[in-house]
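First up is the structure itself, then whatever we jot down about it.
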Amino acid sequence: MRRLIERLYAHAPAAQHGYELMKETGLASGTLYPLLMRMTDQGLVEAEWHPPAQPGRPPRHAYRLTTTGLALAREMVEQGPLGEGATA
């Protein structure tokens, strides 16, 4: 979760698409999307629909940190980088 929060924080206040977050964090979709849903339920992340960039493509969700999520991200950044052997 930490890598994801740090990536969202690095791009705040802009929203990020899930595919971009997968590339930047190295998390697989089966890990990323349940994590984003859990963080949304916890009030750390908000999801919004973005219209398709090209006709015929589906709209996409984009994710950004909420005020609560931003506060948590600041704390994590102040604590420093992940320790050796730590995971998302």
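The values are calculated or read from the model by the stated rules, or taken from the named source; none is laboratory data. Nothing here was measured: the structure is a model prediction, and the numbers come from that model. Every residue, glycine among them, receives a Cβ derived from its backbone with ideal geometry; neighbour counts consider all protein chains shown.
Figures for the structure shown
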| read-out | value |
| --- | --- |
| Members of the stretch 29-42 that are more than 21 Å from Pro58 (Cβ to Cβ) and among the aliphatic types (A, V, I, L, M) | Leu35, Met39 |
| Residue pairs meeting the criteria (Cβ under 7 Å; at least 6 apart or on separate chains; first free of Cβ contacts under 8 Å to residues at least 24 places away in the same chain and of a type outside the set (Ser, Thr, Tyr), in the stretch 32-56; second surrounded by 11 or more Cβ atoms within 10 Å (Cβ to Cβ) and part of a helix (DSSP H, G or I)) | Glu46/Thr40; Ala47/Thr40 |
| Selection count, the stretch 57-73, where residues are exposed (fewer than 11 other Cβ atoms within 10 Å of the Cβ) and at pLDDT 95 or above | 1 |
| Every residue from the stretch 2-25 that is aliphatic (A, V, I, L, M), touching a residue at least 40 places away in the same chain (Cβ under 8 Å) and surrounded by fewer than 17 Cβ atoms within 10 Å (Cβ to Cβ) | Ala12, Ala14 |
| Residue match in the stretch 26-46 (condition: surrounded by 15 or more Cβ atoms within 10 Å (Cβ to Cβ), within 20 Å of Ala73 (Cα to Cα), hydroxyl-bearing (Ser, Thr, Tyr) and touching a helix residue (DSSP H, G or I) at 6+ places or on another chain (Cβ under 6 Å)) | no |
| Odd one out for Gln54 among (1) surrounded by fewer than 12 Cβ atoms within 10 Å (Cβ to Cβ); (2) under 10 Å from the mean Cα position of the chain (by Cα) | (2) |
| All positions within the stretch 11-27 that are of a type outside the set (Asp, Glu) and in a helix (DSSP H, G or I) | His11, Gly18, Tyr19, Leu21, Met22, Lys23, Thr25 |
| Output for the stretch 33-76, where each listed residue is outside any helix (DSSP H, G or I) and among the hydroxyl-bearing types (Ser, Thr, Tyr) | Tyr63, Thr66 |
